Amino acid sequence: MKEEWKGQLRISTNYTHSVVTALGIKEGHRVLDVGCGPGYHSAVAHVLGAEVHAIDLNKKNVETAKKLIMHLNELKEAKKLELPGDPAKIQKIILNAMKNEPPKKLPERAHIYHGDAAELDRHISDKDEYFDVALVIDVLHLVNMQRGPKGIMKVLKQVHKKLKPGGKLVAFNFEPGIQNYINKILERWGYQRIGLSEHGITEHDKLALKHVWIKPKV
Ligand SMILES: C[S@@+](CC[C@H](N)C(=O)[O-])C[C@H]1O[C@@H](n2cnc3c(N)ncnc32)[C@H](O)[C@@H]1O
């Protein structure tokens, strides 16, 4: 895919840490964030101690994700980070982080790639069955626009390959047609859906947490 997706930064109080905390992410976990946007989920997973690999097609979003991961780490060190916190504060944190210069070097355990989720293997070919958690949140409708349903299948196949057996996948899309398509594929592959929506803070997070899937062990 030659052309970069020109979408706007997604900065919204809809997104909170609750998707990440509901999954029980902690030190030692490895998290894959596909279409990470400004990187809030990745940044929270990172300050909770996870090794994070995130990818996005939009350069500005990649930059913001890098800034945000640095900023949350600084807040954590200064003991100024509240988790759980209030969604409105999250927007402020992202907006503040965006004022910073992009970091020259990311903290340990943080890897953020500028690229196409359909070509994930180019960036992390050595990481099959490596991740405890994969997040594919509100991105596959865009992949569908770029590459059609085959593109969605391509992304999900790669994520499937990267996830450990028994690993958790949040595969959520706010477009019902896209969500149905995702559900059918994952059911066919033997994934079990678990509902964690009671842990969500915002309506968006509650919906996303209805779509937590466990990869089969065999
Ligand atoms: C609506 S945002 C969701 C961001 C993030 N997942 C979240 O939940 O906060 C969609 C993101 O997908 C990215 N995107 C679109 N097509 C992509 C592709 N083919 N590969 C990787 N990222 C893509 C966009 O650049 C945008 O940052």
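Each value in this text was obtained by applying a stated rule to the coordinates, not by laboratory testing. Because the structure is a prediction, the values reported are computed rather than measured. Methodologically, a virtual Cβ is constructed for each residue, glycine included, from the backbone with ideal geometry; neighbour enumeration extends over all protein chains shown.
Considering only H53, H204, H41, the mean-square fluctuation computed in a Gaussian network model of the chain, springs between alpha carbons under 10 angstrom, is largest for H204.
Against the empirical 2.2 N^0.38 Å scaling, what ratio does the C-alpha Rg of the stretch 168-218 come to? Show your work: numbers first, answer last.
Values: Rg = 10.9 Å, N = 51, 2.2 N^0.38 = 9.8 Å.
Dividing the Cα radius of gyration by 2.2 N^0.38 Å gives 1.12.
DSSP finds beta bridges in the stretch 18-214, and of those with both partners inside it, around 25 percent are antiparallel. Annotation for the stretch 140-188 versus the stretch 75-100: alpha-carbon center distance of 30 Å. Overall, the chain carries a charge dipole of about 240 debye about its Cα centre when +1 sits on the Cβ of Lys and Arg and -1 on the Cβ of Asp and Glu, all other atoms neutral. Each of F172, H199, A117 was scored by the projection of its Cα onto the charge dipole of the stretch 117-211, and the greatest displacement toward the positive side belongs to A117; charges sit on the C-beta of Lys, Arg, Asp and Glu.
Shown here for the stretch 95-185: GluC sites (Glu not before Pro) in loop regions (DSSP other than H, G, I, E, B) with at most 11 other Cβ atoms within 10 Å, namely E108.
Equivalent-ellipsoid semi-axes for the chain (Cα gyration tensor, √(5λ), whole Å, largest first): 25, 19, 17.
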